[in-house]
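Q: I am attaching a structure below and will ask some questions about it afterwards.
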Amino acid sequence: MTRCRVVHQTSRAFVTDVRPSCRGSHPSGVLHAFRSTVWTVAAPKLLIQSGNSCKSSREEHAFAWIENSAHLESALSHFETCSFDRKRMVFMPYSAKENWLERYPQFLPVFECTQDGNIVAGLGALGS
């Protein structure tokens, strides 16, 4: 049997492809929103916790493609309507949506903020 290393956590680092000298002024990129949801669930009989319940949590990450960072406020507000906290969102300049999708195909944008600030469903939207 092949064994693998057991760890208690992993992480994923996203890296911009925009040169350092251009990052502050580059208009397009990805808005990464993160939230952690905690809820109480019934504990299995074999699990002894305080009472008959235990806490469980789930991390959620969502991404939006921003065509023009001048309209970043539209995307921030849209994520807030989906219960994401603005303090847990970061913008990363990226050269082009196609380049992001090639580098990170498993992290599809759930929506896009167009050049003129409109919000449209992205490739990662439900039902797409």
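Q: If Phe84 satisfies all but one of (1) farther than 14 Å from Phe14 by Cβ; (2) part of a helix (DSSP H, G or I), what's the number of the condition it fails?
A: For Phe84, the exception is condition (2).
Q: For Leu72, indicate whether it is of a type outside the set (Asp, Glu) and within 13 Å of the chain's Cα centre (by Cα).
A: For Leu72, the condition - of a type outside the set (Asp, Glu) and within 13 Å of the chain's Cα centre (by Cα) - is not met.
Q: Is there a residue being among the small types (Gly, Ala, Ser), surrounded by fewer than 13 Cβ atoms within 10 Å (Cβ to Cβ) and outside any strand (DSSP E or B) anywhere in the stretch 117-124?
A: No - not one qualifying residue is present in the stretch 117-124.
Q: Say whether the condition of being assigned to a loop (DSSP other than H, G, I, E, B), modelled with pLDDT of 95 or more, among the basic types (Lys, Arg) and surrounded by 10 or more Cβ atoms within 10 Å (Cβ to Cβ) is met by at least one residue in the stretch 97-115.
A: No, the conditions are met nowhere in the stretch 97-115.
The values are calculated or read from the model by the stated rules, or taken from the named source; none is laboratory data. Values in this document were obtained by computation on a predicted structure and should not be read as measured data. Here Cβ is always computed from backbone atoms with ideal geometry, including for glycine, and neighbour counts include all displayed protein chains.
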